[in-house]
Amino acid sequence: MTYWIGKDVDIYMTTEQIHLAVSGTEATDGMSAVVSGTSSNVGTGVTFNIPCRNNGPTTASKITDVTGIDFSPSTVDENISYFGKNTNLVAEIKKAMTITITRKVSNPVFDYVYQHARDGCYASSGDTASTTAYIFDGLTTSNNISFGYRIYLSFASGTTAPTDEVLVLRNCCVTSHSKTMTPDGATEETIELYSYVQPVTGFSDSILTSGTTSTEI
């Protein structure tokens, strides 16, 4: 487990689709998938968007007012016992990445994501700008390589991404969301995402925004 406070790490969030974003407004109770969608920051504004993957770690995809980030890489193991043997086999099945983001509440974007768009969005006929966009329900296809969200952790050193080294968590899905309300302090919220895809690190946009391959899912 690794924990950072908000000022130590810049964090960004996009969808895994290269053309499709997830968008919502405070006036409507829900979110929808749209082409592009970079008009406002993830963390501010009455209208909020989680931009498409093509944006990468930019101002439009930055999560603001972050107070803490908890990153926990681990493995999913299976215990296998053999009849007549005293020693069990512990076999690694897959990697498991969990990231928990805590921030001051500035709009209900994560409320809406948790309720309506936990797994991102998908396209009706491939990842093209002219396709019909849908919120991903997790039931469409198990071979969809563009489901979920992409989280970028930029380890701040006085410059801006992608100049700094960036850790990219791919195909993340939302697993929980909660709020902490106090009468004499700021309201904070915590959102937790998980991924079973191996993260990557890099500096250039070509590495940060390249799609997940079918062999990595």
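The sole residue among V22, V34 that is at pLDDT 75 or above, part of a strand (DSSP E or B) and in contact with a Cys (Cβ under 8 Å, 6 or more places away or on another chain) is V22. Quick check: anything in segment 81-95 under 17 Å from the mean Cα position of the chain (by Cα) and touching a residue at least 12 places away in the same chain (Cβ under 8 Å)? There is at least one residue in segment 81-95 that is under 17 Å from the mean Cα position of the chain (by Cα) and touching a residue at least 12 places away in the same chain (Cβ under 8 Å). Restricting segment 81-121 to residues that are of a type in the set (G, A, S) and over 14 Å from C173 (Cβ atoms) leaves a set whose member that is surrounded by the most Cβ atoms within 10 Å (Cβ to Cβ) is S106. Examine segment 184-198 for a residue that is in a loop (DSSP other than H, G, I, E, B), at pLDDT 90 or above and hydrophobic (A, V, I, L, M, F, W, C), and state whether such a residue exists. Among the residues of segment 184-198, at least one is in a loop (DSSP other than H, G, I, E, B), at pLDDT 90 or above and hydrophobic (A, V, I, L, M, F, W, C), which makes the answer yes. Here S154 fulfils each of the conditions (1) more than 25 Å from I18 (Cβ to Cβ); (2) part of a strand (DSSP E or B); (3) modelled with pLDDT under 90 apart from (1). Checking each residue in segment 178-217 for being closer than 21 Å to L139 by Cβ and of a type outside the set (S, T, Y) picks out L193, V197, I217. Anything in segment 1-37 that is more than 10 Å from C121 (Cα to Cα), surrounded by 13 or more Cβ atoms within 10 Å (Cβ to Cβ) and small (G, A, S)? List them, or say none. Matches in segment 1-37: G6, S23, G24, S36, G37. If I ask for residues that are among the charged types (D, E, K, R) and either part of a strand (DSSP E or B) or buried (at least 21 other Cβ atoms within 10 Å of the Cβ) (or both), which ones from segment 51-80 would you list? Correct list: R53, K62, D70, D77, E78.
The values are calculated or read from the model by the stated rules, or taken from the named source; none is laboratory data. As the structure is a computational prediction, the values presented were derived from the model and not from experiment. Glycine also receives a Cβ, built like all others from the backbone with ideal geometry; neighbour counts cover every protein chain displayed.
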